Amino acid sequence: MVYLIYSTSYHLLEDELNKIFKDKNDIETIDYNNSNINEIINIAGYTSLFNDSKNIIIKNFDLSAKDLDILEKYIESPNPLTTLVFTTDKKIDERKKIVKLLKDKKTYINIKPLNYKDISQRLMDIAKKNGYTLYINDANYITFASLSNYDIAYNQLQKIFLYYNKPCDIEKRVLENLISQSIEDNNFKFVDTVIKRNIVDAMKMINDFKLLKIEPLVLVSMLAKEYRNLLISKDLYQKGYSNQKIKDNLGLLDWQVDKLITNTYNYSINELENKLLDLTKLDYELKTSKIDKYLGLEMFILKG
């Protein structure tokens, strides 16, 4: 049997592999980056004298690879003693012949990302399975703090299990303390996303921040600080200052200065000055309640 599984989630992929393989100790895993179609087919097609069955996982498979016709022939007449699973996190062109072949055999599996409700439900199910009680509001908190990313949410839940180390009711106080760092990291990620003008992702993150009740003024302050550093860095860099001098001037680390210099190429001095003026105006409007807090932030982002 030959499978092709597409998933951008490690844990969802693992769940699917567990359905295919009952004993995961008897599996040969091959990284496609270090192999090729011919080698894989030779391994899959080989039959031992004892007719032993084989389980093979090919990770990082690339459907733009050469010699796919060889794999197509194998799919049409596979070794009955071998279960061969190709996995990839790269978007799949379902018009390809090889995908159509596997669709016909019902062994092409496209694992779509979970929405936040499904993630929260899974978290509660996992908690229950391990003897813990996780309430819906707390599951939602973990989900939104993880920006609706199942893998991140799953890892956060495992961190909570380690804290308690025995089945019990999960307390909101403990949960918030353990996940607070993740929320702070998400704030910095948001700033980086806005600076890079990734409007779509930034707007998605704002929706999560609304549910987490993150204060927009905090985000505005962080954005203003980053744009200020960008403006100073660009001005000093254009005047011939070295990265080391810029670092000393701003009191930052080497990697922070390198990132700033890289991001300055996307802005002119005039643009950065206008961004700071817009944020100063927005800060005033938010503090005087002249505009809805999240709406004001969204309008700033949509300017690009």
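The values are calculated or read from the model by the stated rules, or taken from the named source; none is laboratory data. No experiment lies behind these values; they were computed from the predicted model shown. Heads up, the Cβs are rebuilt from the backbone with ideal geometry, glycines too, and the neighbour counts pull from every protein chain shown.
Just need a number here: residues in segment 267-297 that are at pLDDT below 90, exposed (fewer than 13 other Cβ atoms within 10 Å of the Cβ) and not in a helix (DSSP H, G or I).
3
Residue check, residue 300 against (1) in contact with a Pro (Cβ under 9 Å, 6 or more places away or on another chain); (2) among the hydrophobic types (A, V, I, L, M, F, W, C); (3) modelled with pLDDT of 90 or more, all met but one. Which one?
Condition not satisfied by residue 300: (1).
What is the one condition in (1) touching a residue at least 60 places away in the same chain (Cβ under 8 Å); (2) touching an Asp or Glu at 6+ places or on another chain (Cβ under 6 Å); (3) of a type in the set (Lys, Arg) that residue 197 does not satisfy?
(2)
Checking the condition surrounded by 13 or more Cβ atoms within 10 Å (Cβ to Cβ) and polar (S, T, N, Q), which residue from 115, 137, 79 passes? Walk me through how you get there before you give the answer.
Numbers: 115 fails: surrounded by 13 or more Cβ atoms within 10 Å (Cβ to Cβ); 137 fails: surrounded by 13 or more Cβ atoms within 10 Å (Cβ to Cβ).
After ruling out the rest, the residue left standing is 79.
Could you go through segment 19-26 and let me know if any residue there is farther than 14 Å from residue 89 by Cα and surrounded by 18 or more Cβ atoms within 10 Å (Cβ to Cβ).
No, every residue in segment 19-26 fails to be farther than 14 Å from residue 89 by Cα and surrounded by 18 or more Cβ atoms within 10 Å (Cβ to Cβ).
Any chance segment 265-281 includes a residue that's on the phi > 0 side of the Ramachandran plot and of a type in the set (Gly, Ala, Ser)? Break it down stepwise before answering.
Step one: list which residues in segment 265-281 are on the phi > 0 side of the Ramachandran plot, which gives none.
No: segment 265-281 contains no residue that is on the phi > 0 side of the Ramachandran plot and of a type in the set (Gly, Ala, Ser).
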